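To start, the structure under review is shown below, and the notes come after it.
Every read-out reported here was derived from the displayed coordinates using simple, explicitly stated rules and does not represent laboratory data. This one's a predicted model, so the numbers in the text were calculated from it and none came from an experiment. In this analysis, Cβ positions are derived from the backbone assuming ideal geometry, glycine residues included, and neighbour counts consider all displayed protein chains.
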Amino acid sequence: MQDVSSTLDRSVAGGDEVMFDIVSSPAPPRSDILRLAAGTLAAIRIPGMLSPQRCTEVMVELADCEFDHYDPAQVFPPVAKFGTGISDFYSADGLRQEYWAEAEQAAKNWQALFNDDDPVQAILDQLARSWDGPVSRATIDGQECFAGVVRQLTGGSRIHYDEIARDYPYLFDTPPIVQFGFNCYLAVPESGGELTVHRRRWLPRDEDHRDGYGWAPRVVADEPHVTLHPEVGEGIFFDSRNYHRIGANTAGRRVALGFFMGVTAENRLVLWS
């Protein structure tokens with residue numbers, strides 16, 4: 001499938017081609033998810049995952065909500081968020097107990113906002129059909145984690161990766177062996193806000209180039225990459241263990257509903273934020 005709205009760099013230094021393509025489908029088959037897990041796909045685009053009308057409705061519903069921000073000492077440029085995530089509550093001793101009260105409150109806020117028209121549940125139902133297997137929220141000691149955070153970025157992000165199995169091993173009851181990032185875009189800027197994914201995962205020597213919560217651009221300077229310019233209502237999956245970044249907005253808002261998704265050895269998709 002050809003995706004003309006994406007830019008694709010399939011070369012490395014020296015010109016050798018690599019398997020790092022993008023596919024686009026309103027109902028991606030299980031085989032595409034497996035290719036993404038295997039590393040031979042860069043991203044899966046799902047156009048129209050939410051209708052433009054539904055995205056507008058969600059944006060209106062969010063207008064009166066109070067957004068929090070990630071700790072600016074750790075995450076800069078600033079990122080506003082509605083919802084909570086595990087990374088906000090993890091310490092050297094494990095997950096802080098405050099997470100569960102925060103997750104419960106986040107679930108109540110979400111329910112109060114969307115009632116029986118939860119966009120996350122609509123997305124989960126679509127994923128279950130594509131995966132043709134069990135899809136559920138990740139659990140810790142039998143308790144379900146919260147999944148679904150709305151984030152607004154204007155200044156972009158630093159180059160970084162997300163891999164819970166590396167950062168927080170043994171946290172989940174069923175650890176994922178693959179991790180994806182997912183975003184469904186409720187609003188996109190007129191320019192900027194693009195997602196760039198590099199075909200490069202973390203290596204120990206990269207710590208010499210650490211830059212706050214991210215890494216210096218030289219780490220991925222010669223690596224194959226793809227750049228995606230999202231559309232309203234579109235869902236995008238990518239392997240979050242690969243280095244990736246979001247470009248700064250130059251006009252307009254970038255608002256996305258997102259979560260992480262793991263593939264377990266038991267053929268289950270598990271979600272968390």
* To do: Kindly list the residues of segment 29-63 that lie in the label zone of A265, defined by a backbone N under 20 Å from the point 7 Å along the Cα-to-C-beta vector.
  => 34, 37-39
* Would you mind ranking Y170, Y161 so that the residue whose beta carbon has the fewest other beta carbons within 10 Å leads the list? => Y170, Y161
* To do: Find, to one decimal place in angstroms, the Kirkwood hydrodynamic radius of segment 84-128, where the mean of 1/r is taken over every pair of different Cα atoms and then inverted.
  => 12.1
* Structure fact -> Most exposed first, judged by fewest Cβ atoms within 10 angstrom, D125, D173 run D125, D173
* Asked: Comparing G212, G192, G262, which has the greatest mean-square fluctuation in the GNM of the chain with Cα pairs linked when under 10 Å apart?
  -> G212
* Give, to the nearest whole percent, the P(r) tail of segment 144-256 beyond 26 angstrom, counting all Cα pairs. => 22
* **Estimated FRET transfer efficiency when R0 is 25 angstrom, pair N109-Y213 (beta carbons, to 0.05)** => 0.45
* Asked: What per residue convex hull volume, in Å³, do the alpha-carbon atoms of segment 66-148 yield?
  -> 134
* Taking R0 as 41 Å, what's the FRET efficiency between D64 and D173 from their Cβ-Cβ distance, rounded to 0.05? -> 0.65
* Per-residue HN-Hα couplings for segment 153-167 [Karplus 6.51, -1.76, 1.60; θ = phi - 60°; Hz; x = Gly/Pro] -> 10, 10, x, x, 9, 7, 5, 7, 9, 10, 8, 5, 5, 8, 6
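Which loop GluC sites (Glu not before Pro) in segment 209-271, with loop taken from DSSP, have no more than 10 other Cβ atoms within 10 angstrom of their Cβ? Don't skip to the answer; put the middle values down first.
Working: sites: E231, E234, E266; in loops: E231, E234, E266.
Loop-located and lightly packed - E266.
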* Kindly provide log₁₀ I(q)/I(0) values, in the same order as q = 0.12 Å⁻¹, from the Debye equation applied to equal alpha-carbon scatterers of the chain. => -0.73
* Structure fact -> Calculated from DSSP helices alone, with each H run of at least 4 adding -39500 (n - 2.57) and the total divided by the residues of the chain, [θ]222 nm to the nearest 500 comes to -6000 deg cm²/dmol
